[in-house]
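Bear in mind that the values in this text are calculations on the coordinates, not laboratory data. In this text the structure is predicted, and so the values were computed from the model without any measurement. We place every Cβ from the backbone using ideal geometry, glycine too, and count neighbours over all the protein chains shown.
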Amino acid sequence: MPVIKLYANLRKLAGIKEVEIAANNLRVAIEILVAQKQGLTGLLIEDGQIRPHIVITINGQLTTDLDAALEPGDIVAIFPPIAGG
């Protein structure tokens, strides 16, 4: 199963650092994640797209494609907006 890793405040909101989710594409994985972790509702997807400033990588490769295929053992990392100065 793919592993989803959450970073920064997403970890706090979900109450987990990572979770294995049985999904064959990114869209389904995020839908399952949000259904399991209600604190993430509305934070990752907006109008059928990855929300602006949310960064998602699959095995270290940046993606904005919610239909990207996932394979067992893939690592999906989700980063919230980060500001600094």
Filter result for K5 (buried (at least 16 other Cβ atoms within 10 Å of the Cβ) and touching a strand residue (DSSP E or B) at 6+ places or on another chain (Cβ under 9 Å)): yes
Taking the condition touching a helix residue (DSSP H, G or I) at 6+ places or on another chain (Cβ under 8 Å) and in a loop (DSSP other than H, G, I, E, B), does L13 pass?
-> no
Does L62 qualify as being loosely packed, with under 12 Cβ neighbours inside 10 Å and either among the basic types (K, R) or not in a loop (DSSP other than H, G, I, E, B) (or both)? yes
Checking G73, G39 in turn, the sole residue that is in a loop (DSSP other than H, G, I, E, B) and not charged (D, E, K, R) turns out to be G73
In the set I32, I16, the lone residue that is over 12 Å from the mean Cα position of the chain (by Cα), surrounded by 15 or more Cβ atoms within 10 Å (Cβ to Cβ) and among the β-branched types (V, I, T) is I16
